[in-house]
Amino acid sequence: MLPFLEKLLVAVAIGGILGLEREHTKHQTLVGVRTFSLISLFGMLLSELAGDYSPWAILIGLVGILGLTLSFYYFRATHFKNAIGITTIVVIPLTYVLGVLVSRGYTLEAIASTVLMAYVLVERGAVHRLVEHVSRREIIDGLLF
């Protein structure tokens with residue numbers, strides 16, 4: 001298991017990578033590198049504090065992040081023309097969970113998930129083009145496989 005300082009740095013880096021992608025791709029000024037880094041750090045710190053004694057604290061933290069995220073989304077959608085997208089709303093709680101994973105010793109899994117998430121977010125156009133070219137038959141064959 002990683003020492004506390006290494007967990008801290010990995011959690012901040014994970015959030016920073018996802019925040020950098022969101023800020024760069026969407027040119028967002030409110031939810032970017034700093035926010036995502038802090039969300040991942042919050043997940044890591046809360047998990048460290050909870051330890052094995054209170055796993056409910058991690059769940060309460062996730063509910064809090066979800067509530068804050070949905071409130072922020074609702075406020076932006078009702079008061080501004082340029083509301084943040086639903087993808088950002090999904091990535092925010094996932095970033096919290098990645099911080100928790102780092103704390104729990106699943107560092108490699110958290111890093112791999114971050115790389116995969118960042119790739120899917122960066123290659124948005126390629127993903128949409130792929131979806132446009134998949135036929136109904138290919139979907140059924142994939143499900144049967």
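Tabulated data for the structure shown
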| read-out | value |
| --- | --- |
| Calculated from backbone phi, Karplus (6.51, -1.76, 1.60) coupling profile of segment 98-115 in Hz, x at Gly/Pro | 4, x, 5, 4, 4, 5, 7, x, 9, 5, 4, 5, 5, 5, 4, 5, 5, 4 |
| Accessible area of segment 2-145 divided out per residue, in Å², using a probe of 1.4 angstrom | 65 |
| Sorted largest first, extent of segment 19-59 alpha carbons per principal axis (Å) | 41, 13, 13 |
| Inverse of mean 1/r across different Cα pairs in segment 1-125, Kirkwood, Å | 14.6 |
| Net charge, residue 107 excluded, C-beta distance under 15 Å - Lys, Arg +1, Asp, Glu -1 | -1 |
| Charge tally in the Cβ shell below 14 Å around residue 145, where Lys, Arg are +1 and Asp, Glu are -1, residue 145 excluded | -1 |
| Under the Karplus curve 6.51 cos²θ - 1.76 cosθ + 1.60, θ = phi - 60°, whole-Hz ³J(HN,Hα) for segment 57-62, x wherever Gly or Pro sits | 4, 5, 5, 5, x, 5 |
| The chain - percent relative contact order, Cα under 8 Å, separation 6 or more | 28 |
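The values are calculated or read from the model by the stated rules, or taken from the named source; none is laboratory data. As the structure is a computational prediction, the values presented were derived from the model and not from experiment. No Cβ is skipped: glycine too gets one built from the backbone with ideal geometry, and neighbour counts run over all protein chains shown. Surface accessibility is based on the protein's heavy atoms, side chains included, excluding ligands, DNA and RNA. Shrake-Rupley method; radii C 1.70, N 1.55, O 1.52, S 1.80 Å.
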